[in-house]
Amino acid sequence: MKLNELTIKQASEKLAKGEITSVELTKACLARIKEVDKKIKACLTVCEQEAMDEAKQADKRRSKGEKGKLLGIPYIAKDNILTKGIKTTAASKILENYVAPFDATIIKKLKVAGAVLLAKSNMDEFAHGASTENSAFGPTHNPWDLTRVPGGSSGGSAAAVAADMCLFALGTDTGGSIRCPASFCGVVGMKPTYGRASRFGLVAMTSSTDVPGPITKNVEDASLVLEVIAGHDRKDATTPDVEVPAYEKSLGKTLKGLKIGQPEEYFGEGVEKGAKEAIEKVIAKLKELGAEIIPIKLPYAKYGIPVYYIITPSEISSNLARFDGVRYGFSDEQAKDLKEVYTKSRGKGFGPEAKRRIMLGAYVLSAGYYDAYYLQAQKVRTKIKKELDFELEKLDAIITPTQPSPAFKLGEQSDDPLKMYLEDVFVTGASLAGLPAISIPCGFSSGLPIGMQLIGKRFDEEMLFRISSAYEKATEWLKKKPGV
């Protein structure tokens, strides 16, 4: 097996035994990026020199007796996560040459742990999308079929992990942006509970649902990364001081006696035949492993998409107001006065989807429409949250498909924003309720990966790791690799 194909656990054991060095591991990943990224286009910036320097430092720390599961492990970060001294563009022209003066908290934590940053990954501009086609620097291609999308908005991160360009990647999830690409690319994507990991240093999209999380080759690796990046941060008031468990201890436990809810609303019309059959086989396997599957109803689930697409543009229109051509990034030098600085810089700097969401949000928040749309959406959001909390009181998790179908063709839905928004149909509920959810590979349809989603109780990522790890070990989906 090539070094870049190792999991975190495998690489960490070899590093600890002195069988390999972080420099060798990092070189293998950089070579893989050079080999395949011209076709996949997962990376926006490759920081080769910085990565080699960090790898040498990691080897030095290990030679002095230091230990650590992520010490010397190479990774890629989504390009909306601030990295000191390295460009952070959020895949937007308006931030094309922006270099952050500080690290996001999760990047700082990974630096302390000794992880090695290889590159910044492509994404939908400001994370607005489910396909990574909205990047101002061109789309990312799915390693399983280069004519198809990798999902979004963390498409570059998921494609990089699937193609073994790194050992793990960071994504952010606002309404499915970790889980959707994980499903389309056949990798594991964990969206933690809202507040479990700090948002300090993320380029804000929807502040009430944004959360960073790991994208990995297996469940065990996701648990290792989350354990490092999770925890209270005094710079993010939404991170409560809740203990971060040693997630690894939950792996390998039996599923006997666990109760998993199967909502009828997520298994009806609109789910592609192959995806439906794959999830049905998952349910049979979970029963075989000792779990009890309990039919449930989530009648408010159908309002998830309309509520999400009222609240999200509202927060986007506020958050993107800071990009005015004065303080950050692109500023139109042809502007004749201050008003033109604003209008021309924003007009040229933002892409079509960002503009669409700003206009939708500004409309929804405007006088006369706030009560009718935004306030009403927040009330329905509370209903969705209460409904999920009520069901999860008597359950250990809820199972759904992650996406209604496998990855679609590049350009197939570009002219139909509504169809694109419906890609989020199964993933918005957990985001609106602030619950943890994980997507793991569970089969194939027409040669393309299918993902299943498990939603858990608030701050109970441990249970999701336990169930998904047991399923993963009982199946062989992870042995399949894209032929890119």
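Things to note:
- Here residue 146 clears all of (1) buried (at least 24 other Cβ atoms within 10 Å of the Cβ); (2) among the hydrophobic types (A, V, I, L, M, F, W, C); (3) in contact (Cβ under 8 Å) with a residue 60 or more places away in the chain except the condition numbered (1).
- For residue 118, the conditions (1) open to solvent by 10 Å² or more (accessible area, probe 1.4 Å); (2) touching a residue at least 40 places away in the same chain (Cβ under 8 Å) are fulfilled apart from (1).
- Residues of segment 36-65 classified as farther than 30 Å from residue 147 by Cβ, open to solvent by less than 70 Å² (accessible area, probe 1.4 Å) and either in contact with a His (Cβ under 8 Å, 6 or more places away or on another chain) or among the acidic types (Asp, Glu) (or both), total: 2
- Contact map, segment 279-293: first residue of a type in the set (Lys, Arg), second residue in a loop (DSSP other than H, G, I, E, B) and open to solvent by less than 50 Å² (accessible area, probe 1.4 Å), Cβ cut-off under 8 Å, separation 6 or more or different chains; pairs are 285/474; 285/475.
- Some residue of segment 462-471 being part of a loop (DSSP other than H, G, I, E, B) and either touching a Ser or Thr at 6+ places or on another chain (Cβ under 7 Å) or surrounded by fewer than 17 Cβ atoms within 10 Å (Cβ to Cβ) (or both): no
- Here is the figure for segment 1-39: residues that are at pLDDT below 95 and within 17 Å of residue 63 (Cα to Cα) total 0.
- Segment 58-113: number of residues that are without any contact (Cβ under 8 Å) to a residue 12 or more places away in the chain and assigned to a strand (DSSP E or B): 0
- If the condition is being crowded, with 20+ Cβ neighbours inside 10 Å and either acidic (Asp, Glu) or over 22 Å from the mean Cα position of the chain (by Cα) (or both), then segment 8-27 contributes 11, 12, 15, 22, 25, 26.
- Residue check, residue 327 in contact (Cβ under 8 Å) with a residue 12 or more places away in the chain and either part of a loop (DSSP other than H, G, I, E, B) or surrounded by 15 or more Cβ atoms within 10 Å (Cβ to Cβ) (or both): no
- Test result for residue 138, assigned to a loop (DSSP other than H, G, I, E, B), surrounded by fewer than 24 Cβ atoms within 10 Å (Cβ to Cβ) and in contact (Cβ under 8 Å) with a residue 24 or more places away in the chain: yes
- Taken together, 268, 290 contain a single residue that is more than 25 Å from the chain's Cα centre (by Cα), at pLDDT below 95 and of a type outside the set (D, E, K, R), which is 268.
- Residue among 266, 303 that is under 20 Å from residue 372 (Cα atoms) and not acidic (Asp, Glu): 303
- Matching residues in segment 430-461 - criterion: being touching a Lys or Arg at 6+ places or on another chain (Cβ under 9 Å), outside any strand (DSSP E or B), crowded, with 24+ Cβ neighbours inside 10 Å and of a type outside the set (A, V, I, L, M, F, W, C): 431, 436, 461
- Scanning segment 241-299 for residues that are open to solvent by less than 30 Å² (accessible area, probe 1.4 Å) and among the hydroxyl-bearing types (Ser, Thr, Tyr), we see that the one that is farthest from residue 436 (Cα to Cα) is 266.
- Flag if residue 207 is out of contact with any Asp or Glu (no Cβ under 6 Å at 6 or more places or on another chain), of a type in the set (Ser, Thr, Tyr) and under 23 Å from residue 121 (Cβ atoms): no
- Residue 409 being basic (Lys, Arg), open to solvent by 20 Å² or more (accessible area, probe 1.4 Å), within 30 Å of residue 442 (Cβ to Cβ) and under 28 Å from the mean Cα position of the chain (by Cα): yes
The values are calculated or read from the model by the stated rules, or taken from the named source; none is laboratory data. Since we're looking at a predicted model, the values are computed, not measured. Cβ: placed from backbone, ideal geometry, glycine included. Neighbour counts: every protein chain shown. Note: accessible area is taken over every heavy atom of the protein model, side chains too, but ligands, DNA and RNA are not part of it. Shrake-Rupley method; radii C 1.70, N 1.55, O 1.52, S 1.80 Å.
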